[in-house]
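A.B. asks: I am attaching a structure below and will ask some questions about it afterwards.
The values are calculated or read from the model by the stated rules, or taken from the named source; none is laboratory data. Please read all numbers here as calculations on a predicted model, not as lab measurements. Cβ sites come from the backbone with ideal geometry, for glycine too, and all protein chains shown count toward neighbours.
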Amino acid sequence: MEICQFGQKAYDFIVNPIELDARINILEGSVRSGKTIAMILKTLMLVDSGPKGLGVFTGVSKDTIFDNVLRDLFDTIGRNNYNYNRANGELNLFGDEWKVIGAKDEGSEKFLRGKTIAKANCDELSLMPERFFKQLLNRMSVAGARLYGTTNPDNPNHYLYREYITDVNKTTGVNPMVKVVHFELDDNPNLSEEYKMFIRAAYSGVFYQRFILGLWVIAEGAIYKDAYNAALLFDEYGSGGVAECPQGLFGPGGHIERIIGIDYGTTNPCVFLDVYDDGDTLWQRKEYYWDSKKEERQKTDEEYVDDLIGFIGENTNVSVLVDPSAASFIAALRARGIISWDVDTADNAVLDGIRMFGSMMKRGKYRIHRSCTNTIREVTSYCWNEKKSLVGIEEPIKANDHTCDAGRYIVKTKISEWRLTQ
């Protein structure tokens, strides 16, 4: 193992003897900064010379643990050195017993009950429910027990930051129970300068501060202020008749998918967005926006279905993504017997959706037709709820969010993470 493979911070963390590590060890900072590979090799040291007893891998879910940690771990050690049952989470590493446990919500702590744990590998610590994390620590009663975790920064009012990362002795300036190693992009020598420039361009706003600069900062202000700019706007033909979008984009063979994103509303506005994906960029061609308060008339689900049929037009080769809470509207669509559409509920992961939608705009990969005035108005005025951010809860203000919701449904459901960094 050569230092240049990992960078000095990662190397120092990997080779430090287990018994000299803290009870809680946290690698935090930028994405792609070398945290995960350092943790994989530390895990192998845990297996070899760590405390004896049950080990636990935790993360948001078993699938994310496999994707983020186990896949690379298995590739590193080879098929003959592990046995993993994805159904029950039982894992044997070189004869060492481990359990893979998802921690998606506060109720997940029940999966820790009754266990005596010697070591833990925690993926995406900031996404771990507080009750689960503290129950895990309570269960680590074996002499010399060690917990190792990775995380990107979050809200500075997060329990992990307040109670573990920055809770230090006022005299010594350290917490002997916790060791924190901060990573930045430059700590990973395997990244080229070109790639680092590229990935810096993939994030905006609070996500840039956290995922690139590695800062624990509050989400505040306009959500897309660093992502949106007037260059994202287009017409089929601009001044002087110059094309502002690919020729034939909206016709047969000009795109790989046409997507209709729907944010359903009755008393709130109901929005349809018509978006074309050419495999590189999403082009929002038009919008439907019915505000029942402004119009002083609330439409029925049947009327919305009629409006959607008219909005889609004759080319019904579309994928329709509907607000997952719109049960009555989805039922009305099905009752109408429309079988030429691919109708599905959208992925409503709010923060991830905001991050991805912002990244697409920041990179110029989500373009908006100039006629979509409601989208332009809302994208430029959509804001974080600063009062809730102060107590560690991050969510947007429920205003000027309807086209933004429909847009993030499309991006979060249809665009894979790799497209954000290509």
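A.B. asks: Is it the case that residue 321 is within 16 Å of residue 224 (Cα to Cα), touching an Asp or Glu at 6+ places or on another chain (Cβ under 8 Å) and either in contact (Cβ under 8 Å) with a residue 24 or more places away in the chain or assigned to a strand (DSSP E or B) (or both)?
C.D. replies: Against the criterion (within 16 Å of residue 224 (Cα to Cα), touching an Asp or Glu at 6+ places or on another chain (Cβ under 8 Å) and either in contact (Cβ under 8 Å) with a residue 24 or more places away in the chain or assigned to a strand (DSSP E or B) (or both)), residue 321 does not qualify.
A.B. asks: Going by what's in this entry, would residue 286 be described as assigned by TED's automatic domain parsing to the domain that holds residue 379, in contact (Cβ under 8 Å) with a residue 40 or more places away in the chain, among the basic types (Lys, Arg) and surrounded by fewer than 18 Cβ atoms within 10 Å (Cβ to Cβ)?
C.D. replies: Here the answer is yes, as residue 286 does meet what is asked.
A.B. asks: Considering only the stretch 332-387, state which residues are farther than 26 Å from residue 211 by Cβ, β-branched (Val, Ile, Thr) and part of a loop (DSSP other than H, G, I, E, B).
C.D. replies: 338, 339
A.B. asks: In addition: Being out of contact with any strand residue (DSSP E or B) (no Cβ under 7 Å at 6 or more places or on another chain) and either on the phi > 0 side of the Ramachandran plot or among the β-branched types (Val, Ile, Thr) (or both) is the filter here, so list the residues in the stretch 285-329 that pass it.
C.D. replies: Selection gives 296, 300, 305, 309, 313, 316.
A.B. asks: Of the numbered conditions (1) farther than 30 Å from residue 157 by Cβ; (2) under 21 Å from the mean Cα position of the chain (by Cα); (3) among the charged types (D, E, K, R), residue 307 fails exactly one; give the number of that condition.
C.D. replies: So residue 307 meets the others, but not (2).
A.B. asks: Same structure, new question: Test residue 70 against the criterion of being in a helix (DSSP H, G or I) and buried (at least 17 other Cβ atoms within 10 Å of the Cβ), and give yes or no.
C.D. replies: yes
A.B. asks: May I ask you to list the residues in the stretch 324-359 that are under 19 Å from the mean Cα position of the chain (by Cα) and either exposed (fewer than 13 other Cβ atoms within 10 Å of the Cβ) or at pLDDT below 90 (or both)?
C.D. replies: 324
A.B. asks: Tell me, yes or no, whether the stretch 164-171 has at least one residue that is outside any strand (DSSP E or B), closer than 23 Å to residue 23 by Cα, of a type in the set (D, E, K, R) and without any contact (Cβ under 8 Å) to a residue 12 or more places away in the chain.
C.D. replies: yes
A.B. asks: Give the number of residues within the stretch 281-318 that are over 28 Å from residue 256 (Cα atoms) and part of a helix (DSSP H, G or I).
C.D. replies: The number of residues fulfilling the criteria is 7.
A.B. asks: Out of the stretch 212-248, which residues are crowded, with 16+ Cβ neighbours inside 10 Å and within 16 Å of residue 277 (Cβ to Cβ)?
C.D. replies: Of everything in the stretch 212-248, those that are crowded, with 16+ Cβ neighbours inside 10 Å and within 16 Å of residue 277 (Cβ to Cβ) turn out to be 232, 234, 245.
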